[in-house]
Structure formats: C-alpha cells, structure tokens
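The values are calculated or read from the model by the stated rules, or taken from the named source; none is laboratory data. Small disclaimer: the values here were computed from a predicted structure and weren't measured. Every residue, glycine among them, receives a Cβ derived from its backbone with ideal geometry; neighbour counts consider all protein chains shown. SASA here: full protein model, heavy atoms, side chains in, ligands and nucleic acids out. Shrake-Rupley method; radii C 1.70, N 1.55, O 1.52, S 1.80 Å.
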Amino acid sequence: MPDDPSARRPRLTPAVADIRRAVRKALATDLHRSADAPPSIGGALVLVALSGGPDSLALAAATAFEAPRAGVRAGAIVVDHGLQQDSAGIADRAAGQARALGLDPVVVTRVDVTGPGGPESAARTARYRAIDAALDESGASHALLAHTLDDQAETVLLGLARGSGAASLQGMAPVSGRYLRPLLGIRRAATHRFCADSDLVPWLDPQNGHSAYTRVRVRQNVMPVLEAELGPGVAEALARTAEQLREDSDAFQTMIDEVIEDLVEHSEAGISVSVPALEANPVALQGRIVRFVVQSEFGVALERVHVRAILALVADWHGQKPLDLPGFTAARTGGRLVLSAAPASSAPDRP
C-alpha cells in the first residue's frame, strides 16, 4: 500500500493543541500590536530561536505549522555558543530539524562567549546579539523565543531572592520590541509532551542539569520544595505576579508620559527636573520618573541606592554637594534638579 501522508502527521494532543494555539495568538495579535511590526504582517518573516532543546523545538514545529496559516514566513536562527563538546554538530542537527520542519531561511551562527557577569550572563548577551544580527541581515521583523511559564517563575523567584525591584520581578514580557515569547503561559512539561507526540527528538543540554548554575539549582531543588510544602500552582502564581507587576509598570509609564514634558528641560550640560513639580507626585512615581529620565538621557539603569540619594536632593535638601553617579552627576540648583553627563575621566562614587 502507498504510504499515507496523514499517518505521519503529529497527533493533535492537548500539548500540541495548546502550543499551536499560543503561537497562533502570537502571530495573529502580537505582530499587529508591536511598534516594530510593518504596517501589514502579510508576508512578514519571523525567526524562531532554536537550540534543539524541547522548548525551542516544540516552538519551531508549532510555528512551522501556524505561520503559513497566518500569512507569515518563518525561518530559524541557531546560535552555537561553542560551550559544549561537538557544539557545531549540535547546531547543525538543530538546523537540519528546522529545515525538515519547512522553516526557511535557517541561519546558523557561532558566537564568542566572553564578558562580565559569568558564563550564563555572557552567553545570554552573545545569544541576543546574534539574534539581533540575524533579524537585521534577514529582514525578519521578529524573533520567537521559547521561554516557558517555568522560566518565568524561576526568573521571578531569583529576583525575589536577590532583593530586586519591581522592574526585575516583572520577569519577561510576551512582547518586547522585536522579541515574541508565545510560550510564557505553557509549562515546560508540555513542550516535552509536544515533542514526544510529534515524533521529534530534542537535544537535552547537559548543562540544564549542572548544579553549578543558580537557575538549575532553583529548578531542581527550590521549586520542587515550594510545590511540596505550599501545594501545586507555585509556578503559576509566580508567573501571575510578574504579569500583575507588568500591568502596574504600564500604568506608571502612562503617568510618566503624561507629566514628563512639564517636569524636564534640556540644557547644554544635560537635563533638569522641576523640584516642585516632581515633589507633587507620590514617592513611588518620583522614583520611576528619575529612573526614566536617567535611562533616557544617559543610558544608565539606576540602583535603588542611587534613586534614594537623588530623591534626597528633593525631599531632604540642606545644601548637599553634587552626587557623582555612574555616568552622570546630580545636583540641586535652586528649584531644579540638574542631571549632567559625567566627564569621561571621572570615576563614579556610590552615594
């Protein structure tokens, strides 16, 4: 008997249906909503960031299925970090899987993992740089990243453990510029199930079980204890926390956008903020405004200690000397808070 093509199709199991639905929503909604999207998504190209692991392989397969139905072309970007034995072979295998799924183009790039912050941070920085380059070179509008609900929960928990502020506890956004994360509502177990149901053989990264990495210890040791002691649903609760904080952040940003023009003036040295107008806002909003102004003007992400020192020039003014901060100085001049770019040779002090 001739081979029946339908017999080779993956079964429409709950895991397959859920992940396809998540991708369908991202392609139908998020491309329209993102400011970086072209006026019409018809014929737009997106790239799936594919490592060959269960999460990204499930995302790639679901995207290959859903993209033509959404009028979108789909390719893949495979980043070889060079950190594994036979990393080039692993990357080539993932690229072959992408081509077999019908993704085109398939870009394979090797990166040099060096830089500050340890290997995890350096690898992440190199990976995003490679993804951005692939988007620019291919003309793709967006990259689809395979972060799951479990990844989100781990991110929030790590932020809590480090005493991070609300910005960190927001976790990862479903839409962030050119990045789409369709699987943030999907558990990691579902991506493994998807691959099994679809006869896809993922690559299992041995580093994902290496206890030298903080995130792995959270995944293997901390989350199971929380689930055992507090009951099921901890990961979902942490993910909901991130979503609620993003909603709060969006509200704050709207308020900042409404008042910022009345607060700031540009000057030759930098920017100044009206102290009376700033002080008229709640303290939480004052801090957000200061962070926003400094990030926009100097490209500096302030730590809490810096924000508190700057706000002391507003609420506790008694003639303090100017503050030397990372990349800029802050001084009180009459009724204005003056923020100026630091000389290139100056070394910032912690307040």
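A few points about this structure:
- Residue within the range 117-133 that is over 15 Å from residue 59 (Cβ atoms), of a type in the set (Asp, Glu) and surrounded by fewer than 22 Cβ atoms within 10 Å (Cβ to Cβ) present: yes
- When the residues of the range 186-202 are filtered to those that are β-branched (Val, Ile, Thr) and surrounded by 18 or more Cβ atoms within 10 Å (Cβ to Cβ), the one that is farthest from residue 63 (Cα to Cα) is 186.
- Subset of the range 66-76 [among the small types (Gly, Ala, Ser) and open to solvent by 10 Å² or more (accessible area, probe 1.4 Å)]: 70, 71, 74
- Counting residues in the range 165-184 that are more than 17 Å from residue 246 (Cβ to Cβ), exposed (fewer than 14 other Cβ atoms within 10 Å of the Cβ) and in contact (Cβ under 8 Å) with a residue 40 or more places away in the chain gives zero.
- Considering (1) within 27 Å of residue 136 (Cβ to Cβ); (2) out of contact with any helix residue (DSSP H, G or I) (no Cβ under 7 Å at 6 or more places or on another chain); (3) modelled with pLDDT of 95 or more; (4) not hydroxyl-bearing (Ser, Thr, Tyr), the lone condition that residue 33 does not fulfil carries the number (3).
So that you can scan it fast, the table gives a plain yes or no per residue for (1) part of a loop (DSSP other than H, G, I, E, B); (2) over 17 Å from residue 199 (Cβ atoms); (3) open to solvent by 30 Å² or more (accessible area, probe 1.4 Å):
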| site | (1), (2), (3) |
| --- | --- |
| 60 | no, no, no |
| 64 | no, no, no |
| 78 | no, yes, no |
| 83 | yes, yes, yes |
| 94 | no, no, no |
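- Residue that is surrounded by the most Cβ atoms within 10 Å (Cβ to Cβ), among those in the range 203-231 that are part of a loop (DSSP other than H, G, I, E, B) and hydroxyl-bearing (Ser, Thr, Tyr): 213
- Lone unmet requirement of (1) without any contact (Cβ under 8 Å) to a residue 40 or more places away in the chain; (2) acidic (Asp, Glu); (3) over 30 Å from residue 44 (Cβ atoms) for residue 136: (3)
- Hits in the range 288-330 - residues which are assigned to a strand (DSSP E or B) and out of contact with any helix residue (DSSP H, G or I) (no Cβ under 8 Å at 6 or more places or on another chain): 324, 329
- Being under 24 Å from the mean Cα position of the chain (by Cα) and outside any loop (DSSP other than H, G, I, E, B) is true of residue 235.
- Count of the range 96-116 residues, restricted to those that are in a helix (DSSP H, G or I) and under 21 Å from the mean Cα position of the chain (by Cα), is 0.
- Search result, residues across the range 56-111 that are of a type outside the set (A, V, I, L, M) and without any contact (Cβ under 8 Å) to a residue 24 or more places away in the chain: 68, 85, 86, 87, 89, 92, 96, 99
- Residue 245 vs. criteria more than 19 Å from residue 314 (Cα to Cα), touching a residue at least 60 places away in the same chain (Cβ under 8 Å) and open to solvent by 30 Å² or more (accessible area, probe 1.4 Å): yes
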